[in-house]
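In what follows, a structure is listed as structure tokens, so that the remarks can point back to it.
The values are calculated or read from the model by the stated rules, or taken from the named source; none is laboratory data. If you're wondering where the values come from, they're calculated on a predicted model, not measured in any experiment. Reconstructed Cβ throughout: ideal geometry from the backbone, glycine too, with neighbour counts over all protein chains shown.
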Amino acid sequence: MQIKTEIKTEVVSIKHGTTTLNGHLFSKKESNDPRPAVIVCHAWAGCDTFARAAAERMVDLGYIGFAADFYGGGRVGTTKEENASLMQPLIDNRELLRERLLTTFDAVRELREVDASRVAVIGYCFGGLCALDLARTGCTLAATISFHGLLTPADHLQTERIPGKVLVLHGHLDPMVSEDEIVALKRELTNAGADWQLYIYGRALHAFTNPGANDPKLGTVYDAITDRRSKDSLKSLLKESFEE
């Protein structure tokens, strides 16, 4: 019989200028030793139940989970229109997004629960773009994992040398990513000296890890098999990265 891990949750408020980013910290109760941490970057809706659940799952793997908030105030959209209105300002201002990513990264490393030398980032959809943008800063990430992430290049921002491992999990049928963007990303990661991998799932669309995704017209469809495979890949890379 498997004993369920008792999990402690806490809202962590991080100041970025006049904006307060309300992240959610998940850790094992009664654990005082610093642990590796995984920052979870949310999709376009914001730091919602999906993002928080992903962060909470990290505790069962033996890590600290931190569901980040890049919109501020914990704002979450409830419609496609609201989601787009929250996301687009950061897509249009990647420098601002980079600042919020680095502010969050620094704050997580300072938490007493966290082993500052072992921090990884993962992200879903818009969050995949966020994860890659954080890696592009050259900060000391152990691993970067993008799930069906947007791969829009940040042409006006310099990509630094990327020290950690990078894993991009992509659906071949994802209408939100072009072949040119995939080629450009491979070139960029190679030029940045990254230890990178790209997994392309032949029958997967966008949002293949989200059980609530069921909009073929938009191109967002859940796929249970691809979800399982991608989670297995996450577990493997985090274990490898944190144990080195």
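Checked against (1) closer than 20 Å to A68 by Cα; (2) surrounded by fewer than 23 Cβ atoms within 10 Å (Cβ to Cβ); (3) of a type in the set (D, E, K, R), D155 passes all but a single condition, namely (1). The residues of the stretch 126-180 that are hydroxyl-bearing (S, T, Y) and free of Cβ contacts under 8 Å to residues at least 40 places away in the same chain, listed by number, are T137, T140, T144, S146, T159, S178. Would you call A43 without any contact (Cβ under 8 Å) to a residue 60 or more places away in the chain, buried (at least 24 other Cβ atoms within 10 Å of the Cβ) and of a type outside the set (S, T, Y)? The answer is no for A43. All of Y71, Y124 fail the test of being touching a Cys at 6+ places or on another chain (Cβ under 9 Å) and under 28 Å from R229 (Cα atoms), apart from Y124. Within the stretch 198-213, the set of residues being free of Cβ contacts under 8 Å to residues at least 40 places away in the same chain and within 17 Å of the chain's Cα centre (by Cα) comprises L198, Y199. Comparison of G212, G202, G193 shows that the only residue that is surrounded by fewer than 15 Cβ atoms within 10 Å (Cβ to Cβ), over 18 Å from L129 (Cβ atoms), at pLDDT 95 or above and touching a Leu at 6+ places or on another chain (Cβ under 9 Å) is G202.
In this structure, does A224 turn out to be modelled with pLDDT under 95, out of contact with any Ser or Thr (no Cβ under 9 Å at 6 or more places or on another chain) and of a type in the set (A, V, I, L, M, F, W, C)? If you could, list the steps in order and put the result at the bottom.
Details: modelled with pLDDT under 95: no; out of contact with any Ser or Thr (no Cβ under 9 Å at 6 or more places or on another chain): yes; of a type in the set (A, V, I, L, M, F, W, C): yes.
So A224 does not fit the description; no.
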